[in-house]
1. Kindly list, by first and then second residue, each pair from a residue in segment 56-76 that is on the phi > 0 side of the Ramachandran plot to a residue that is of a type in the set (Lys, Arg), limited to pairs with Cβ atoms under 9 Å and residues at least 6 apart or on different chains.
2. Could you pull out the residue among 20, 14 that is at pLDDT below 55, exposed (fewer than 15 other Cβ atoms within 10 Å of the Cβ) and in contact with a Pro (Cβ under 8 Å, 6 or more places away or on another chain)?
3. For the list (1) of a type outside the set (Ser, Thr, Tyr); (2) surrounded by 18 or more Cβ atoms within 10 Å (Cβ to Cβ); (3) closer than 18 Å to residue 43 by Cα; (4) out of contact with any Ser or Thr (no Cβ under 8 Å at 6 or more places or on another chain), I need the number of the one condition that residue 60 fails.
4. State which residue is farthest from residue 178 (Cα to Cα) when the search covers only segment 72-83 and only residues that are surrounded by fewer than 21 Cβ atoms within 10 Å (Cβ to Cβ), in contact with a Pro (Cβ under 9 Å, 6 or more places away or on another chain) and not charged (D, E, K, R).
5. Sort through 150, 87 and tell me the only one that's within 14 Å of the chain's Cα centre (by Cα), surrounded by fewer than 15 Cβ atoms within 10 Å (Cβ to Cβ) and of a type in the set (A, V, I, L, M).
6. Looking at 136, 149 in this structure, which one is more than 17 Å from residue 80 (Cα to Cα) and touching an Asp or Glu at 6+ places or on another chain (Cβ under 7 Å)?
7. Please note which helices (runs of 4 or more DSSP H) are completely contained in segment 127-202 and include at least 1 residues that are modelled with pLDDT under 85.
Amino acid sequence: MEAWRARLEIDGASLPLEASPADEVQTAPAPPFCPDGAERPIPRPQDTTEQKTCDRGKKKRHMLKNLLLVNRALRILFLSETPPGRVHDKRIADTTPSPWPVGSQLRQDLGFQAFTLDGMDIIQPTKKPRGHELTRTQKARNRKISRRRVRIEHVHSSVKRCRMLKETIRLWKAGSRDVVMEIGCALHTFRVRLTPSWAPMV
């Protein structure tokens, strides 16, 4: 993806995404962030290698994927580059520069299992051990986390109100698919600002 046109906003502090945010973001407050992968379908590629890398497997479709970073106000702060759909969420996070300030709370799902960052408070569900059951306390904690993270699915739904992201996009020009994703994320953030009914994540 070419240089991101969106802007990283953290409690009123604006920062160009194409710049390294490490220096300026340090002075901003440290709110909770929620990373998650967002997929979008594409036509079946003609190249054999690309077919394998874009094949999602589970959904029997060819996909592209982006990593989104959402804040408490449900605004999209960060949009990663676009890897093929087969690439795991954690692998994308490992290769993406960290845009959040040290000391922040990172609420992630099991797709980011074993993903850690120095100086970050990681909150994620407890994975069920093979051949064993979770305790009542662990199940209650998982439900509490899920009630918060379900708002991220609402963000994905809002982004994909742009039907070009929900249905198979048939644009072949280089970079055009990424521009559509940027527009979908920008429209969601605009709707959140415009509509007070978007209650912030607790």
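The values are calculated or read from the model by the stated rules, or taken from the named source; none is laboratory data. Remember, predicted model here, so these are calculated numbers, not experimental data. Cβ: placed from backbone, ideal geometry, glycine included. Neighbour counts: every protein chain shown.
1. Cβ pairs passing all conditions: 57/86; 74/151.
2. Values: 14 fails: in contact with a Pro (Cβ under 8 Å, 6 or more places away or on another chain).
Unique residue meeting the criteria: 20.
3. With (1) of a type outside the set (Ser, Thr, Tyr); (2) surrounded by 18 or more Cβ atoms within 10 Å (Cβ to Cβ); (3) closer than 18 Å to residue 43 by Cα; (4) out of contact with any Ser or Thr (no Cβ under 8 Å at 6 or more places or on another chain) applied to residue 60, the lone miss is (2).
4. Here the answer is 73.
5. Answer to the selection: 150.
6. On the way: 136 fails: touching an Asp or Glu at 6+ places or on another chain (Cβ under 7 Å).
Selected residue: 149, the only one of 136, 149 that is more than 17 Å from residue 80 (Cα to Cα) and touching an Asp or Glu at 6+ places or on another chain (Cβ under 7 Å).
7. On the way: elements: 136-159, 163-166, 176-194.
The qualifying helices (runs of 4 or more DSSP H) are 136-159.
Conditions (1) touching a strand residue (DSSP E or B) at 6+ places or on another chain (Cβ under 8 Å); (2) within 28 Å of residue 41 (Cα to Cα); (3) surrounded by 16 or more Cβ atoms within 10 Å (Cβ to Cβ), marked per residue:
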| position | (1), (2), (3) |
| --- | --- |
| 104 | yes, no, yes |
| 113 | no, yes, no |
| 156 | yes, yes, yes |
| 160 | yes, yes, yes |
| 166 | yes, yes, no |
| 177 | yes, yes, yes |
